[in-house]
1. S31 - would you say it is surrounded by 14 or more Cβ atoms within 10 Å (Cβ to Cβ), within 14 Å of R3 (Cβ to Cβ) and among the polar types (S, T, N, Q)?
2. Being over 21 Å from R84 (Cα atoms) and either without any contact (Cβ under 8 Å) to a residue 24 or more places away in the chain or surrounded by fewer than 17 Cβ atoms within 10 Å (Cβ to Cβ) (or both) is the filter here, so list the residues in segment 34-48 that pass it.
3. Look at segment 54-72 and say how many of its residues are modelled with pLDDT of 85 or more and open to solvent by 20 Å² or more (accessible area, probe 1.4 Å).
4. Across segment 73-111, which residue is modelled with the lowest pLDDT among those that are open to solvent by less than 50 Å² (accessible area, probe 1.4 Å) and in a helix (DSSP H, G or I)?
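The values are calculated or read from the model by the stated rules, or taken from the named source; none is laboratory data. Only a predicted model underlies this, so the values are computations on that prediction, with no experimental measurement involved. Here Cβ is always computed from backbone atoms with ideal geometry, including for glycine, and neighbour counts include all displayed protein chains. Protein only, heavy atoms only, side chains kept; ligands, DNA and RNA dropped before computing areas. Shrake-Rupley method; radii C 1.70, N 1.55, O 1.52, S 1.80 Å.
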Amino acid sequence: MIRMQIVERPGAKLFSLLKRAIRSKELRTFSLERHGTRVVHIRSPGHMVWTGTEGIIACEIRSPREEGKEWQFLTNLVGRLADRYPEFVESINIQLTAPPVVPVKKKRRRK
C-alpha cells in the first residue's frame, strides 16, 4: 500500500478539476467508481481511494490481487499530474509501507 498527499496551490480546486476531467473522458486512462471515491487505471493493477479536503487530496493506492504492483499506478498518476496539471499542484508527498518482516529461524546446534 502506498499513501500519498497532493497539496494544491491556493485556490486551485484540483480535486474537483480531476474528477471532472475523468468523468468527461479528458483523462481517458482513469475511471471513477463508487460515486467518485475510487479511481481505477485501465492498465495498471489496483485502485486508489481518495478524499479531498481544503487544499489537500489524500490518496491510498492498493493492489490486492497483485501485491507489490502499486508503483505502476503511482507512476501513471504522478506522470499525468506532472504532464497536464503542473500549475495546480504545489507538492506531492509519498509514504511507502513496508511489508512485515518475517523472522528468521535460527538453526539448532548439535552437541
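1. no
2. R34, H35, T37
3. 8
4. Filtering segment 73-111 for residues that are open to solvent by less than 50 Å² (accessible area, probe 1.4 Å) and in a helix (DSSP H, G or I), the one modelled with the lowest pLDDT comes out as F73.
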